[in-house]
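Worksheet for the structure shown next.
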Amino acid sequence: IALSGERVNIIKERARAFLDLARELINRRPDISSFNVHQACQLRVKASLLRLTGEVPRLHGIRELLGMLARKLEDLGLREDALRIVDFMRRRRDVLIDIEAAYTESRYGVGPIVKGIVEEMLGVAEELFNLLNEVEERVLG
């Protein structure tokens, strides 16, 4: 379990590093910044799943990963926390879709990625990080 806890911390640190890098790159390369936002969110949700289940799923979709997390919380009898995740997904659906699209668009897309949209992604990513920290603290202490 100590190894699992260490792995969770490493993944969380990498998630934060991707988010910090996204902030640094937003003015010069909003496309690469958006990719980093996606990586940050993906890793942060996976860290929560690892902490709760001991496993890291091999998925990339942020909404799919959040759905898995909500189901796991529900399975553990933590309905209130599961509903917080579902509520976040509903309220931030459009931006979460943008974050997921950034995974592909930032690498293969031909259209420009607008700085304002990336700024919105960064805000939602911060909100997600805070939510997951609160849920983990309530559930696991």
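The values are calculated or read from the model by the stated rules, or taken from the named source; none is laboratory data. If you're wondering where the values come from, they're calculated on a predicted model, not measured in any experiment. Backbone-built Cβ (ideal geometry, glycine too); neighbour counts: all protein chains shown. Heads up: the accessible areas ignore ligands, DNA and RNA and are worked out on the full protein's heavy atoms, side chains in. Shrake-Rupley method; radii C 1.70, N 1.55, O 1.52, S 1.80 Å.
In the range 17-62, how many residues are outside any helix (DSSP H, G or I) and more than 23 Å from residue 86 (Cα to Cα)?
4
For the range 95-133, name all the residues that are acidic (Asp, Glu), within 17 Å of residue 19 (Cβ to Cβ) and open to solvent by 70 Å² or more (accessible area, probe 1.4 Å).
Residues satisfying the conditions are 119, 120.
Annotation note: of 2, 17, the sole residue that is touching a helix residue (DSSP H, G or I) at 6+ places or on another chain (Cβ under 9 Å) and either modelled with pLDDT of 95 or more or open to solvent by 60 Å² or more (accessible area, probe 1.4 Å) (or both) is 17.
Taking the numbered list (1) in contact with a Ser or Thr (Cβ under 9 Å, 6 or more places away or on another chain); (2) outside any helix (DSSP H, G or I) in turn, residue 112 passes all entries but (1).
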